[in-house]
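This is the structure I have questions about; it appears just below.
The values are calculated or read from the model by the stated rules, or taken from the named source; none is laboratory data. Note that the structure is a prediction, hence the values are computed from the model and not measured. Positions of Cβ are generated from backbone atoms using ideal geometry, with glycine treated the same way; all protein chains shown enter the neighbour counts.
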Amino acid sequence: MSYFMTDLSGTYVEEPDEATMRTILDGLADADDEHPDVSLTHENGWSLRAFPSGELLWLLWENLDHADDPDASPRQLSGVSKEEVLRLFGLLATGDTAEIERLAGS
């Protein structure tokens, strides 16, 4: 399965390991209006975008391949710790979307 991350500058990193994911996520400390998020996208179309929100993060969970499908509308997860984001990124990297779907309230 293939996946990639996008850092704050928009640079793609193919199949990053957990340490690289953490480094990219740590980059959110420098987020601004022009570069507000980082993301992990799986080849199945599902994507998690992480945005800073004080000490915690909020996530946008969406399927980029089915953006026009009302049953696949983007959902938010608020107040998420960095460790939980890393865990969810790891699940998505393997294509395991069930736990993310559960947390996103689908």
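Across region 28-66, which residue is surrounded by the most Cβ atoms within 10 Å (Cβ to Cβ) among those that are under 28 Å from Gly105 (Cβ atoms) and of a type in the set (Gly, Ala, Ser)?
Filtering first and then ranking leaves Ala50.
A quick yes/no check of all residues on (1) polar (S, T, N, Q); (2) in contact with a Pro (Cβ under 6 Å, 6 or more places away or on another chain); (3) modelled with pLDDT of 90 or more:
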residue: Leu40; (1), (2), (3): no, no, yes
residue: Gly45; (1), (2), (3): no, no, yes
residue: Trp61; (1), (2), (3): no, no, yes
residue: Pro70; (1), (2), (3): no, no, no
residue: Ser78; (1), (2), (3): yes, no, yes
residue: Lys82; (1), (2), (3): no, no, yes
residue: Ala93; (1), (2), (3): no, no, yes
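In this structure, is Asp30 over 12 Å from the mean Cα position of the chain (by Cα) and over 19 Å from Ala93 (Cα atoms)?
When the stated conditions are applied, Asp30 passes them.
What's the total number of residues in region 2-16 that are surrounded by 11 or more Cβ atoms within 10 Å (Cβ to Cβ) and part of a loop (DSSP other than H, G, I, E, B)?
5
Kindly provide the set of residues from region 35-67 that are among the small types (Gly, Ala, Ser) and touching a helix residue (DSSP H, G or I) at 6+ places or on another chain (Cβ under 7 Å), ordered by number.
Within region 35-67, Gly45, Ser47, Ala50 qualify.
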